[in-house]
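Report on the following structure.
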Amino acid sequence: MAIQEENMANKTQYFASEQNDAIIRLGRNYDSLGGETYNLDIPGSFSNYQKEMERYLMECIKHHQKLIECSEKIDLLWKRVFFYQFLTASLLICFIGLKAISMPLNGEFAKTMEYLAAVIFQLGLYCTFGSNLMTQSEAVFNAAYESDWNNQSKHYKNCTRMLIMRAQRPVKLTAGRFGTLSLPLFTSMLRSSYSYLALLRQMQEH
């Protein structure tokens, strides 16, 4: 039993050291390293660690910049397409809803409602992905701010400040004059379509 316990302790210590080495190499979970002590008697041990941290941070910043550039290109390419799709979808919701109100409950009514649900689902899908993009971009700001950047070198602090300042502006996709693709936009579109539908209904009755 004593031998088994000693083997388990050795394995635990080995895996713990491997995990710490992986954390240092990949630059993850910096907060967990805040209380770690370094042997300053070894020449350049702490400075090498700082350089590795700075190198990993620069890689993260470059990757973040590439993602921002990619999202800007996608927005430039698709914002007009999204605008026309949202405009067409809002009109379809009004006219299909108006048609469905006056239809009898038969197979044609079911097909009409299926088409209406498909139009609404399409809008919701776009807005959901837009909201997820904004949420993930805001998570970059939170992750950078909550890291142990204030205990690092001056160059590391300056780079982190710039990353935090840029990440405060969330990455987003737009639908032209309709605004940013998000769940609030989806709710606003449905509310506006319902208002126009009610207006058309009143005009039809009169």
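The values are calculated or read from the model by the stated rules, or taken from the named source; none is laboratory data. For clarity, every value in this text was computed on a predicted model and none was experimentally measured. Note that each Cβ is placed from the backbone with ideal geometry, even for glycine, and that neighbours are counted across all protein chains shown. The area values use the complete protein model at the heavy-atom level, side chains included, leaving out ligands, DNA and RNA. Shrake-Rupley method; radii C 1.70, N 1.55, O 1.52, S 1.80 Å.
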Next item on the list: Give Leu163, Leu123, Leu116 a once-over and let me know the one that is in contact (Cβ under 8 Å) with a residue 60 or more places away in the chain, surrounded by 13 or more Cβ atoms within 10 Å (Cβ to Cβ) and farther than 19 Å from Tyr56 by Cα.
Entry: Leu123
Checklist line | Matching residues, the range 47-98, being polar (S, T, N, Q) and open to solvent by 70 Å² or more (accessible area, probe 1.4 Å) | finding: Asn48, Gln65, Thr88
Next item on the list: Please identify the pairs in which a residue from the range 53-71 that is farther than 26 Å from Thr174 by Cβ has its Cβ atom under 7 Å from the Cβ atom of a residue that is part of a helix (DSSP H, G or I), counting only partners at least 6 apart or on another chain.
Entry: Met53/Tyr156; Glu54/His155; Glu54/Tyr156; Leu57/Tyr156; Leu57/Cys159; Leu57/Thr160; Met58/Cys159
Margin query: Any residue at all in the range 181-195 that's in a helix (DSSP H, G or I), more than 28 Å from Met134 (Cα to Cα) and open to solvent by 40 Å² or more (accessible area, probe 1.4 Å)?
Written below: yes
Item checked: Test: Tyr145 is of a type in the set (Ser, Thr, Tyr), out of contact with any Leu (no Cβ under 9 Å at 6 or more places or on another chain) and over 15 Å from Leu185 (Cβ atoms) -> yes
